[in-house]
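Okay, structure first, notes after.
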Amino acid sequence: MNKLILFFILFVFANNSFAGTINLGNFGATYKIAEKDAIVELKKKATQTDWKKHFGPEKTKALIENYRPEIVKLPRAAENNSFLVDMTYTLEFDIPDGKGGILYPAGYRFNPLEYMNFFKTLVIFDGTDKKQVKWCRNIYADDYRFMLLITDGSCYNLSKLFKRPVFYASVDIIRRFGVRALPSLISQQKNYMEIKEIEIKNNNTDPDSVAVKQP
């Protein structure tokens, strides 16, 4: 009986055609709705707003220059070091096949580097450390095979200094690659990603001289 009552309630409130056939008549006086049209009000408000005050060139420029995402403070590398990171990923949920079945179940493991190549090398450094900035500028500023990312500092100012795009290294990037010290270079080595921590002794530090530690 309870299920029947519940079904009836759902039927009444969900079925528009049923509700549309009921006419309860008028009770008391009726009045014309005097509420203003919302769209008309929005258009009126839009014409009265000084948009330059909120989105003017100076304010937009300031927002770009002062933007700072969540950062991870990392120490400067005390010595040259290198290690490999296994990029194998475990699915946390099922991926459906669109036909009512499961294409890849939760718990399925795969390594994306078995199916793709990452041709760029990431250069991650602290944009507030003058030595790291100088080191990066001297070696990588003109080589577009390298993508420049900073853990702290201003991408805007460094992009102007290097005359090329500089990006932020997100917290997820730092954690996924296991970056522990700066500056670090990240590149693909077969089915692994290689992380090289570089000790800056002089401006001619050679990343290729860093030995790789097997996982």
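Side notes on the structure shown:
- When the criteria are applied in full, LEU113 fails the requirement of being under 25 Å from ARG68 (Cβ atoms) and of a type in the set (A, V, I, L, M).
- All positions within the range 87-112 that are in a strand (DSSP E or B), of a type in the set (Val, Ile, Thr) and surrounded by 11 or more Cβ atoms within 10 Å (Cβ to Cβ): ILE95, ILE102
- Selection from the range 140-172 of residues that are under 23 Å from PHE83 (Cα atoms) and either touching an Asp or Glu at 6+ places or on another chain (Cβ under 7 Å) or surrounded by fewer than 19 Cβ atoms within 10 Å (Cβ to Cβ) (or both): ARG145, PHE146, MET147, ILE150, THR151, SER170, VAL171, ASP172
- Residue-level check: of (1) out of contact with any strand residue (DSSP E or B) (no Cβ under 7 Å at 6 or more places or on another chain); (2) at positive phi; (3) of a type outside the set (S, T, N, Q), GLY107 misses just (1).
- One residue alone among ASP126, ASP143, ASP172 is touching a strand residue (DSSP E or B) at 6+ places or on another chain (Cβ under 7 Å) and among the acidic types (Asp, Glu), and that residue is ASP126.
- When the residues of the range 173-184 are filtered to those that are within 21 Å of the chain's Cα centre (by Cα) and buried (at least 20 other Cβ atoms within 10 Å of the Cβ), the one that is farthest from ILE150 (Cα to Cα) is VAL179.
Where a number appears in this text, it was derived from the coordinates with a stated rule and is not lab data. The structure presented is a predicted model; accordingly, all values stated were derived computationally and were not measured. A quick note on method: Cβ atoms are made from the backbone with ideal geometry, for glycine too, and the neighbour counts reach across all protein chains shown.
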